[in-house]
């Protein structure tokens, strides 16, 4: 099955803030899904590379690497900025982090802690903050907090699908 490349994805705007609680649940569940997928894997499969793409450990490490971006963009929206902060589209942090040398449980725990911080911040928002809009710098579309949360959940699933792809080869 062909998987659409991340940078070719389109993200429709979500009009109903009432589905944010479901998206938050999805976001909170990502660390558990990662742990379930990797629970019984042997160490060599965690650093196995498919088509010169990131390994399973690198996929997990990348999710932690971008979590500060999500928190920052959430702050941008809460603070009423007109444009969200720019991502490092080269993913330099992930490429230089040497996640393959890290302990799997440590990678998982770091991601879990960071994600909980993001989710808790989402949970604490009020209706006024949820209405704020800012321009996504790469997509050139306006985003509200619910759109950011959905974008992050889709990013999670993109990397979980990449992990699954490695396991199914």
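The values are calculated or read from the model by the stated rules, or taken from the named source; none is laboratory data. In this text, all values refer to a predicted model and were calculated from it rather than measured experimentally. Reconstructed Cβ throughout: ideal geometry from the backbone, glycine too, with neighbour counts over all protein chains shown.
Just wondering, is there one or more residues in segment 30-47 that are surrounded by fewer than 19 Cβ atoms within 10 Å (Cβ to Cβ) and at positive phi? There is no residue in segment 30-47 that is surrounded by fewer than 19 Cβ atoms within 10 Å (Cβ to Cβ) and at positive phi.
Within segment 101-115, is even one residue exposed (fewer than 13 other Cβ atoms within 10 Å of the Cβ), more than 23 Å from residue 28 (Cα to Cα), touching a strand residue (DSSP E or B) at 6+ places or on another chain (Cβ under 9 Å) and without any contact (Cβ under 8 Å) to a residue 60 or more places away in the chain? Looking for residues that are exposed (fewer than 13 other Cβ atoms within 10 Å of the Cβ), more than 23 Å from residue 28 (Cα to Cα), touching a strand residue (DSSP E or B) at 6+ places or on another chain (Cβ under 9 Å) and without any contact (Cβ under 8 Å) to a residue 60 or more places away in the chain, one finds none in segment 101-115, hence no. Tally up the residues in segment 121-140 that are over 17 Å from residue 69 (Cβ atoms) and in contact (Cβ under 8 Å) with a residue 12 or more places away in the chain, please. Final tally of qualifying residues: 8. Only residues that are outside any loop (DSSP other than H, G, I, E, B) and touching a strand residue (DSSP E or B) at 6+ places or on another chain (Cβ under 9 Å) were counted in segment 38-93, giving 4.
Determine, yes or no, whether residue 38 is over 17 Å from the mean Cα position of the chain (by Cα) and under 18 Å from residue 157 (Cβ atoms). Here the answer is yes, as residue 38 does meet what is asked.
Of all residues being in a helix (DSSP H, G or I), out of contact with any helix residue (DSSP H, G or I) (no Cβ under 9 Å at 6 or more places or on another chain) and in contact (Cβ under 8 Å) with a residue 40 or more places away in the chain in segment 155-169, which is surrounded by the most Cβ atoms within 10 Å (Cβ to Cβ)? Just the residue, please. By that ranking, first place goes to 165.
Checked against (1) surrounded by 18 or more Cβ atoms within 10 Å (Cβ to Cβ); (2) at pLDDT 95 or above; (3) in contact with a helix residue (DSSP H, G or I) (Cβ under 8 Å, 6 or more places away or on another chain), residue 151 passes all but condition (3). Taken together, 127, 156 contain a single residue that is modelled with pLDDT under 95 and out of contact with any strand residue (DSSP E or B) (no Cβ under 7 Å at 6 or more places or on another chain), which is 127. The residue pairs whose first member lies in segment 65-92 and is under 10 Å from residue 118 (Cα atoms), whose second member is buried (at least 17 other Cβ atoms within 10 Å of the Cβ), and whose beta carbons are closer than 6 Å, counting only pairs six or more residues apart or on different chains, are 67/114; 70/118; 70/152; 71/118. Check whether at least one residue in segment 10-17 is closer than 23 Å to residue 98 by Cβ and surrounded by 11 or more Cβ atoms within 10 Å (Cβ to Cβ), and report yes or no. No, because not a single residue in segment 10-17 is closer than 23 Å to residue 98 by Cβ and surrounded by 11 or more Cβ atoms within 10 Å (Cβ to Cβ).
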